[in-house]
1. Looking only at segment 22-41, decide whether some residue is in contact with an Asp or Glu (Cβ under 8 Å, 6 or more places away or on another chain) and closer than 19 Å to Glu118 by Cβ.
2. So which residues in segment 137-186 are over 14 Å from Lys125 (Cα atoms) and either among the small types (Gly, Ala, Ser) or touching a residue at least 40 places away in the same chain (Cβ under 8 Å) (or both), if there are any at all?
3. Being loosely packed, with under 11 Cβ neighbours inside 10 Å and hydrophobic (A, V, I, L, M, F, W, C) is the filter here; which residues of segment 155-186 pass it?
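Just so you know, all these numbers are worked out from the coordinates, no wet-lab data involved. Note that this is a predicted model, so its numbers are computed, not measured. Here the Cβ positions follow ideal geometry from the backbone for every residue, glycine too, while neighbour counts run over all protein chains shown.
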Amino acid sequence: MDYTTEAILEGIGMSNNDVLNYIYRKFFPDTCRFVENNSGTSEDARDLFQEAIIVIYRKMKKSPIVLTCNFRTYIYSVCRLLWLKKLENRDDNLDIIKSDVVLDQQVDDVSKSYEQTERYRLYQKHFKLLPPDCQEIMKLYLEKVSAKEIAKKLGFAGEDYVKSRKYKCKQTLITNIKNDNQFTEV
C-alpha cells in the first residue's frame, strides 16, 4: 500500500506504526546509501533516520507542515542536512557529494529545530544532575513563582536565600553545560 504525502505526515503526527513502517521500508534505503557513501555506517543511517522522523514530528507539533515537494525528497533532504551537520561537527575534511536535491526553507527550518532539540537535550542532561533543591527552585522560577512564595513552599529562610541559591544553581548549570564536550557542537 502506498500513502500520499499528506497521509504520511498525518501518520507521523499520530505515531501510526503502519505509516512509520512504510516510511522505513520505502525511504530508508536512500538515506542509508547516502550515509554509507559519505563516511557513515548503516547504524549511523538508522540513527540519523530516526532523528529525522523525530525532528519532523516535533516540527509538526508546533505548526502544520505544508510540503512543496514529495515526501521522499523532503525526508531525504532532512536526513542529508542532518548528516552534513554531523560531519561538520566532527571536523572531518571530507569530499561530500553534493546532491541535486533542492534544500528549501522548510529544510532550513528543520535544521534549526534539530539544533534546538540538541541544545535542549544538553540542557536537560545537566539540569537533571543538579541537586533536587536547585531543580525545584529553577522550575518554580520558570513558572513565574515569586521568590517569597518559593521560600514559603520549600521551607527556606527567606527571599534573599532563594535568590542567592537560584543564582548559584544557575551558575552551576551554565558552567556544567559549557564544560561538556557537546557544548561546542550545539
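1. Yes: segment 22-41 contains one or more residues that are in contact with an Asp or Glu (Cβ under 8 Å, 6 or more places away or on another chain) and closer than 19 Å to Glu118 by Cβ.
2. Ser146, Ala147, Ala151, Gly155, Ala157, Gly158, Ser164, Glu185
3. If the condition is that a residue be loosely packed, with under 11 Cβ neighbours inside 10 Å and hydrophobic (A, V, I, L, M, F, W, C), then Ala157 is the only one that fits.
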